[in-house]
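What follows is a set of notes on a single structure, which appears directly below.
The values are calculated or read from the model by the stated rules, or taken from the named source; none is laboratory data. Since we're looking at a predicted model, the values are computed, not measured. Here the Cβ positions follow ideal geometry from the backbone for every residue, glycine too, while neighbour counts run over all protein chains shown.
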Amino acid sequence: MATKNPPFKIILGSSSKARREILSEMGYEFTVMTADIDEKCIRREKPEDLVMALAEAKADAIVQRLPTGGPLEEDASTTLLITADTVVVYRGVIREKPTSEKEARDFIKGFHNGCQFPAFVAVIGRYNSHIHKFEHFQDILVVMQQW
């Protein structure tokens with residue numbers, strides 16, 4: 001696919017291989033920056049609140065690391081920062097990234113037993129000094145094509 005040249009720079013605030021692949025497959029050039037936050041310190045009761053809080057915290061952390069002065073600050077109004085988070089709810093319990101191999105095996109075993117589970121996703125896009133919130137990664141891609 002040909003590279004798209006939108007009128008803005010894209011920073012993907014995520015180490016997710018899937019998110020990188022989606023943007024790449026759509027032909028966008030982007031820079032990857034990851035947030036250095038302790039996700040376990042951010043707690044919310046509702047999964048939809050948790051993913052939004054995590055995505056916002058990631059965006060805030062990355063914005064703090066962006067250099068001041070120079071071309072990036074001058075281009076800040078034309079820079080899109082995309083951060084996201086996903087959690088799964090299994091039997092009423094929020095499950096985030098497993099912390100051990102045993103926990104990962106337990107998660108997979110539970111999922112394999114045919115239990116359905118909802119996934120909650122939040123995506124934050126900061127563009128032109130505005131914060132845009134989305135419930136799906138694909139939603140921001142649709143909006144990007146309109147900017």
_Of the residues Ala53, Ala76, Ala84, only one is at pLDDT 80 or above, among the hydrophobic types (A, V, I, L, M, F, W, C), surrounded by fewer than 19 Cβ atoms within 10 Å (Cβ to Cβ) and under 29 Å from Phe8 (Cβ atoms); which?_
Ala53
*Could you look through the range 23-50, keep only residues that are among the basic types (Lys, Arg) and at pLDDT below 90, and pick out the one that is surrounded by the most Cβ atoms within 10 Å (Cβ to Cβ)?*
Lys46
*Among all residue pairs at least 6 apart or on different chains, which show Cβ distances below 9 Å where the first residue, located in the range 13-37, is within 20 Å of Thr78 (Cβ to Cβ) and part of a loop (DSSP other than H, G, I, E, B) and the second is at pLDDT 90 or above and among the charged types (D, E, K, R)?*
Phe30/Arg20
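Scanning the range 10-22 for residues that are of a type outside the set (A, V, I, L, M, F, W, C) and at pLDDT 90 or above, which turns out surrounded by the fewest Cβ atoms within 10 Å (Cβ to Cβ)?
Going through the qualifying residues, I end up with Lys17.
Is one or more of the residues making up the range 44-59 of a type outside the set (Asp, Glu) and on the phi > 0 side of the Ramachandran plot? First the steps, then the outcome.
Let us first name the residues in the range 44-59 that are of a type outside the set (Asp, Glu), namely 44, 46-47, 50-55, 57-59.
With on the phi > 0 side of the Ramachandran plot added as a condition, the list becomes none.
No: zero hits.
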